[in-house]
1. Charges on Cβ only, +1 for Lys and Arg, -1 for Asp and Glu, centred on the Cα centroid of the chain; of V280, N165, T50, which one is farthest towards the dipole's positive end?
2. Would you work out the charge dipole size for region 86-288 about its Cα centre, treating the Cβ of every Lys and Arg as +1 and the Cβ of every Asp and Glu as -1, and quote it to the nearest 20 debye?
3. Restricting to Cα atoms and excluding each atom paired with itself, what does the Kirkwood estimate give for region 5-77 in Å?
4. Which lysines have a Cα lying under 16 Å from the Cα of K277, excluding residues fewer than 8 positions away in the same chain?
5. Taking only C-alpha pairs under 8 Å that are 6+ residues apart, what is the relative contact order of the chain in percent?
6. Once the convex hull of the alpha carbons of the chain is built, what does its volume come to per residue, in cubic angstrom?
7. Within 10 Å of each residue's Cβ, count the other Cβ atoms and sort W105, W258 from fewest upward.
Amino acid sequence: MAGFRTIVINKRCKLESQLGAMVIRSEKEERIHIAEIETLIIESSAVALTSALIVDLTESGANIIFCDRKHLPTAVFTPIHAHFNSAKNIKEQIAWSDERKAQCWGLIIKEKIRQQALHLLTCNYHDENALLTNYANNVNDGDTENLEARAAAVYFRALFGNSFNRNNACFENDALNYGYTLIMAVFAREISACGYITELGIWHRNVENAFNLASDLMEPFRPAVDRCIVTMPENEKLNFKRYMLSIMYSKVKINGEWQSFVSAARIYLHRVFRFIKAEVDEIFTLEVG
């Protein structure tokens, strides 16, 4: 199981593995136990790291996120074959029934829109909250009426203004993309740890997306990123990436108990997989802090 620390490397240095520790060599030498690392984010293109370190990090269950020259995430490394029964689980995943997947997707989108509505309520957007609550209550199997997109249009315009579009070049979209990549990496790792493959999604089917299933299952957790951006102090926006690491240490209430973000994601995923296998009939509701 991966550790509990998110490490950001944003300066010229060399990273290597030595006696169970990641050694950071720059002006001075620092060491961090690999077993403590949950996510390693490489922000600088002037970082050199050894293949031995990559192997040791992935074997410990850690994510590695590489950023481009604009310091935005461009690649994610996650462990593979992290589960003793992965071959059996992948065979089952390929055979998941379309009916059960549609039911699961409907529940996921219902919970996502419910979370968005709750966020709007905390921001005092009462009319928009009522509209999204109505959308959530009317999501059907497979969300064939595309209430997810209709809710998103209302939601983001309420938060960021009527001219906002997810394709705009702006601070909000840079921050959203960064935060969503952080939580997608968490979900990709936990999916692999459960013995499933991230490429084969329930709804997302992009042949160029190696994380289709993670993109599906993370949906109800996205408002944690949105909330972080909306409440971000103005003086933190120049350093928003570091500020947004707080998401990894936030709390989520699931099944009536407060859990760390990563633990809640893990509990939620196990429940989703049990639902798809028809072992349970509901997916846990959340309270994303």
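1. Of the listed residues, the answer is T50.
2. 480
3. 12.1
4. Within the straight-line cut-off, K277 pairs with K88, K91, K101.
5. That works out to 15 percent.
6. 139
7. W258, W105
Read-outs: derived from the displayed coordinates by stated rules, not from any lab. Everything numeric here is computed off the predicted structure, so don't read it as measured data. Here the Cβ is made from the backbone with ideal geometry for all residues, glycine too, and neighbour counts use every protein chain on show.
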